[in-house]
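Readers should treat all values here as calculations from the given coordinates under stated rules, not as data from a laboratory. In this text, all values refer to a predicted model and were calculated from it rather than measured experimentally. Note that we place each Cβ from the backbone using ideal geometry, even for glycine, and neighbour counts take in every protein chain shown.
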Amino acid sequence: MNQSVKSNLIFVAKMLVTIVPAYFVYQNITHTPGWDSGDLSELISEMNGLPLFIALLCLGLSNLTGCLQWKILLEKQKIYLSYFHLLKLYFVGLFFNNFMPGNVGGDVKKIYDIRVQGGQDSVGGGLTATFFDRLFGLFFLNALALVVGALFFVYDDSQRVFLLPSLWVFLAFCAFLAALFSKRLGKLLSRVTGLLLPESFQERFLRMQSRFQYFRTSRLWGQITLLSGITQMLRVLVHFFCGWAIGLDISVSWYFFYIPMIAIISALPISIGGFGPRELLAQSLFAKAGVPGLEAVLVQLLAYLASLLLSLFGAVFFWFDRKKV
């Protein structure tokens, strides 16, 4: 199949995955008893600015700690760049994630920039560090939802049902990480996938797995666990403060249970920027906490707007770097 045709088909599929859930979100809101088109303008006009500022602050701090984690992983791959320089690349990646189709474009841009800065030999290391940075963040989010669910919601019949998929995802993450770090398991996985996938994929997986051995130190795992904990909890708090800004009065534990699930789904490159599936899932989950559909969606949109605003720093860095060329 022609590469251009294939790309267009993928884009159309992502558009459908974006539009169809978004339509159901709209239908759920407009068919709510007592719904009025002025409800949205009323929520916005009564919005509290202080929690929104705190949300921006939390998100900004999470980007600083997230970049530090990325720097530590890159250094384990023998790629040494200053923190400030990596911070610029990190924000450029955020800009590409938010403004380009899909939500992995920023990671591709970061890997490309690492190659430009470090030369051809840094491609594998940049790819491995960036991939593990994203993977461990999602792993920690899932573990966070599982722990919060076990602590606060295990005795609630209506919520306990969500612990099972979280547990299965957690076990899948553990199995995949084990395959990446264990040479024996990695070779077994490579043989199994080799029956279905091209030999080139097998070779790339084994090369990446050999690079993952650089991460097998207890000190590194302690560092990234601490940094991931701070980063991901700050990002959950962004949603809490966005909810506070529009007057939602629910416990922060609901956010720590639901937002990780929503973040994992929206991280999948199946829609445009995570739109559609993210809002539909948020609306469905937060309804169980008594949150109206409009408010549940507005929290997601406000958190996304905060991300857009901060990622504009990346647009500035990208523009000035292009001007230098």
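Start at zero, step by 5 Å, and the Cα-Cα distances of region 44-324 spread as 1, 5, 11, 15, 18, 17, 14, 10, 6, 3, 1, 0 percent across the bins.
If you wrap region 114-244's Cα atoms in a convex hull and average its projection over all directions, what's the area in nm²?
Working: hull surface 45.0 nm².
With the hull built on Cα positions only, its mean projection is 11.3 nm².
The Cα atoms of region 225-325 give a gyration tensor whose axes a ≥ b ≥ c have a/c of 1.5 or more with a/b greater than b/c, which makes the shape prolate.
Extents of region 215-256, taken as max minus min of Cα coordinates on every principal axis and listed largest first, are 45, 14, 9 Å. A Cβ-based charge dipole, computed about the Cα centre of region 122-262 with Lys and Arg at +1 and Asp and Glu at -1, lands at about 800 debye. Extending 7 Å from the Cα toward the beta-carbon at both Ala150 and Val123 defines two label points whose distance is 4.2 nm.
All distinct Cα pairs of region 39-83 go into the 1/r average, and the inverse of that average, the Kirkwood radius, is 13.2 Å.
The order of the peptides 137-143, 74-80, 211-217, 226-232 by mean Cβ neighbours within 10 Å, most packed first, is 137-143, 226-232, 74-80, 211-217.
Tell me which of Ile262, Ile246, Tyr214 sits at the most positive position along the dipole axis of region 195-325, charges placed on C-beta atoms (Lys, Arg +1; Asp, Glu -1). The listed residue farthest towards the positive side: Tyr214.
Computing FRET efficiency as 1/(1 + (r/R0)^6) for Cys174 and Val316, where r is the C-beta to C-beta distance and R0 is 25 Å, gives about 0.05.
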